[in-house]
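To start, the structure under review is shown below, and the notes come after it.
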Amino acid sequence: MTQDTAFAILKTGGNIFLTGEPGSGKTFLVNKYVRYLRDHDIHVAITASTGIAATHIGGSTIHSWSGIGIRKSLSAQDLEIIASTDRLVKQIQNTHVLIIDEISMLDAATLDMVEHVCRATRKSPAPFGGLQVVLVGDFFQLPPVSKHDEETPQFAFASSSWSEALFDVCYLTEQHRQSDAALSSVLSAIRGGVIEDATLAHLDTRRIEHHNEHQHATKLYSHNANVDDVNADKLSELKGEVHVFEMVRHGQKAKIEALVRGCLSPERLELKIGATVMCTRNNPDKGFVNGTLAKVVDFDDADGFPIIQTKNNRRMTVEPMEWAIEDGDKVSARIVQVPLRLAWAMTVHKSQGMSLDAAVMDLSRSFAFGQGYVALSRVRSLDGLYLLGWNERALRVDPLIQAQDRIMRVASEAVEVAWSARTDDQHHHAQEEFIRACAGRLHKVEKKFVAGVATEVPMHPKRLAEIRKHFPKAYTPWTDDDDAQLKALHEANEPVKEMSEQLQRHAGGIRSRLKKLGLTE
């Protein structure tokens with residue numbers, strides 16, 4: 001399924017399991033959907049199964065959002081306490097869409113607990129209390145931690161809530177990370193559980209003897225001890241002054257601790273000129289994303305912030321950024337740190353969700369299904385892969401997941417067939433009905449004369465698309481930066497046509513905004 005089709009299906013408000021191979025664009029599509037929801041005043045809760053995953057998407061853990069915390073089971077008394085906690089009740093009742101990322105690492109019992117909490121707090125017998133629930137992830141990735149009395153993980157799709165909520169599967173099939181046929185064949189072989197001589201031959205071509213052979217590549221290990229040793233040794237080898245950046249914290253202690261645990265930047269970041277670093281947040285305006293590799297080349301004279309240089313020789317100053325947990329429209333906890341970490345080495349676990357240009361991997365001590373697969377799928381091409389070794393476990397994925405994956409693919413094809421059988425008008429009607437059901441605003445309107453009266457009616461998506469061909473920002477919310485630009489153009493006596501071209505907005509929208517800002521009558 002393409003991203004466009006999945007996006008259109010998401011907008012109809014049904015429960016969705018969004019999946020696909022690494023690099024298929026799951027996170028990109030989720031971010032696009034979140035922007036759409038907020039644009040229509042639809043309250044979305046962005047959560048993930050772990051703190052690390054939560055920091056990637058700028059949300060909170062599902063455990064924190066739902067109030068279940070560290071509980072492994074939910075008694076009637078627990079449910080009563082949660083359902084009588086005003087903050088949690090308000091938070092969950094005000095939510096229209098619940099997104100849970102990295103669903104592969106959430107066990108069935110926890111998903112059932114979340115479902116019970118949603119029903120109780122929203123006072124609705126509908127699955128998840130009537131919320132649209134979007135589960136995101138790939139079950140070939142790292143699994144949930146098994147209990148001591150369980151031989152295999154209890155995956156989320158085995159839960160009763162998964163069955164009751166009737167999730168439609170949107171299996172993305174486009175590839176946006178790997179453009180290398182050889183690497184894609186290796187990953188497909190591992191997913192399919194068919195490791196042939198050709199697969200091993202590809203891996204053999206990438207063998208190296210020592211992690212120092214490729215100085216500029218990130219080192220991935222299965223255990224933290226190896227990571228810490230390599231990073232500490234590498235930093236100590238550099239001459240020059242150590243620059244220290246301490247994390248700043250604000251808000252509720254428990255939530256701050258959750259943010260710190262999930263943040264890829266350390267509480268105390270020590271850097272020197274020459275240090276290999278990795279960016280830990282997305283900042284497209286600055287020119288880096290989560291996973292960008294670089295070197296520290298200097299420190300800013302004014303504030304002392306690190307100046308980095310990427311592999312394509314782009315230099316930029318990296319200023320502190322914020323990680324936050326939102327409760328509704330309020331920020332309940334936040335931490336501030338320079339979004340960098342030493343990147344000579346890191347664990348496979350922390351690399352999940354990243355895209356790397358190059359990586360040295362030691363998979364000889366892999367201990368979990370999917371661990372080797374996660375590591376290998378971090379790189380964009382086979383040329384960027386350097387292997388110190390691997391064990392048999394590294395190339396194995398769970399047979400249960402292989403069988404489930406075949407079921408998911410068939411289910412996705414069925415959803416796509418059903419979708420294609422409906423007309424565009426039916427699609428648009430379903431999307432608009434969902435907005436109305438959430439009390440969202442269909443603010444993309446145009447004036448038409450209905451029975452001789454000028455009336456604002458929802459704009460047909462085809463009409464909106466035509467306008468946005470010429471004015472990409474038409475009917476999107478105005479930001480403070482937009483207003484500042486508009487004021488500057490107005491003060492320069494620029495005509496509305498020129499303002500329209502520079503701000504990429506329709507002339508009518510420019511005039512309306514000028515009036516709202518009190519710049520014209």
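The values are calculated or read from the model by the stated rules, or taken from the named source; none is laboratory data. Everything numeric in this text was worked out from a predicted model, so none of it was measured. Using ideal geometry, Cβ is built from the backbone for each residue, glycine included, and neighbour counts are taken over all protein chains shown. Only protein heavy atoms, including side chains, enter the accessible area calculation; ligands, DNA and RNA are left aside. Shrake-Rupley method; radii C 1.70, N 1.55, O 1.52, S 1.80 Å.
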> Which pairs have Cβ atoms under 6 Å, sit 6 or more apart or on different chains, and link a residue in region 468-488 that is in contact (Cβ under 8 Å) with a residue 12 or more places away in the chain and more than 15 Å from S512 (Cα to Cα) to one that is exposed (fewer than 14 other Cβ atoms within 10 Å of the Cβ) and of a type in the set (S, T, Y)?
Replying inline: none
>> Among the residues of region 70-78, are any of a type in the set (G, A, S) and either in contact with a Leu (Cβ under 6 Å, 6 or more places away or on another chain) or assigned to a helix (DSSP H, G or I) (or both)?
In response: yes
> From the set of residues in region 223-232 that are closer than 15 Å to R341 by Cβ and under 28 Å from the mean Cα position of the chain (by Cα), which is modelled with the highest pLDDT?
Replying inline: N231
> From the list V289, V244, which one is at pLDDT 90 or above and in contact with a strand residue (DSSP E or B) (Cβ under 9 Å, 6 or more places away or on another chain)?
Replying inline: V244
> So how many residues does region 354-370 have that are under 25 Å from the mean Cα position of the chain (by Cα), at negative phi and modelled with pLDDT under 85?
Replying inline: 6
>> Anything in region 56-69 that is of a type in the set (V, I, T) and either in contact with a Leu (Cβ under 6 Å, 6 or more places away or on another chain) or in a strand (DSSP E or B) (or both)? List them, or say none.
In response: T61
>> Being modelled with pLDDT of 85 or more, of a type in the set (A, V, I, L, M, F, W, C) and in a helix (DSSP H, G or I) is the requirement here; does L220 meet it?
In response: no
> Within region 38-77, how many residues are among the charged types (D, E, K, R), modelled with pLDDT of 85 or more and either farther than 30 Å from P477 by Cα or open to solvent by less than 50 Å² (accessible area, probe 1.4 Å) (or both)?
Replying inline: 1
> Any idea how many residues of region 371-398 are open to solvent by 10 Å² or more (accessible area, probe 1.4 Å), at pLDDT 85 or above and among the hydroxyl-bearing types (S, T, Y)?
Replying inline: 1
>> Against the definition (more than 26 Å from A258 (Cα to Cα), surrounded by 15 or more Cβ atoms within 10 Å (Cβ to Cβ) and either free of Cβ contacts under 8 Å to residues at least 24 places away in the same chain or under 22 Å from the mean Cα position of the chain (by Cα) (or both)), how does G13 come out, yes or no?
In response: yes
> Which one of the conditions (1) under 16 Å from L342 (Cα atoms); (2) under 26 Å from the mean Cα position of the chain (by Cα); (3) open to solvent by 60 Å² or more (accessible area, probe 1.4 Å) does E241 fail to meet, given that it meets all the rest?
Replying inline: (2)
> Across region 297-316, what is the number of residues that are without any contact (Cβ under 8 Å) to a residue 24 or more places away in the chain and open to solvent by less than 60 Å² (accessible area, probe 1.4 Å)?
Replying inline: 4
> When D300 is evaluated against the numbered criteria (1) closer than 23 Å to S222 by Cα; (2) more than 18 Å from the chain's Cα centre (by Cα); (3) not hydrophobic (A, V, I, L, M, F, W, C), which criterion, by number, is the only one it fails?
Replying inline: (1)
>> Within region 490-521, take every residue that is assigned to a helix (DSSP H, G or I) and hydrophobic (A, V, I, L, M, F, W, C) and give me the one that is farthest from W478 (Cα to Cα).
In response: V496
>> Pull out all pairs, ordered by first then second residue, where Cβ-Cβ is under 7 Å, the residues are six or more apart or on different chains, the first lies in region 397-409 and is farther than 23 Å from T2 by Cα, and the second is in a helix (DSSP H, G or I) and not charged (D, E, K, R).
In response: V397/I190; V397/Y373
> Which ones in region 245-269 are open to solvent by 60 Å² or more (accessible area, probe 1.4 Å) and either assigned to a strand (DSSP E or B) or more than 10 Å from Q337 (Cα to Cα) (or both)?
Replying inline: E246, V248, R249, H250, Q252, K253, A254, E257, R261, R268
> What is the residue count in region 270-289 for residues that are more than 18 Å from the chain's Cα centre (by Cα) and buried (at least 21 other Cβ atoms within 10 Å of the Cβ)?
Replying inline: 4
>> Kindly evaluate A6 against the criterion of being part of a helix (DSSP H, G or I) and surrounded by 22 or more Cβ atoms within 10 Å (Cβ to Cβ).
In response: yes
>> Given (1) surrounded by fewer than 17 Cβ atoms within 10 Å (Cβ to Cβ); (2) at pLDDT below 85; (3) of a type in the set (G, A, S), identify the lone condition not met by S351.
In response: (1)
> Condition test on M459, is it open to solvent by less than 40 Å² (accessible area, probe 1.4 Å), modelled with pLDDT of 90 or more and among the hydrophobic types (A, V, I, L, M, F, W, C)?
Replying inline: no
> Which residues, taken from region 493-517, are farther than 22 Å from H470 by Cα and open to solvent by 60 Å² or more (accessible area, probe 1.4 Å)?
Replying inline: N493, K515, K516
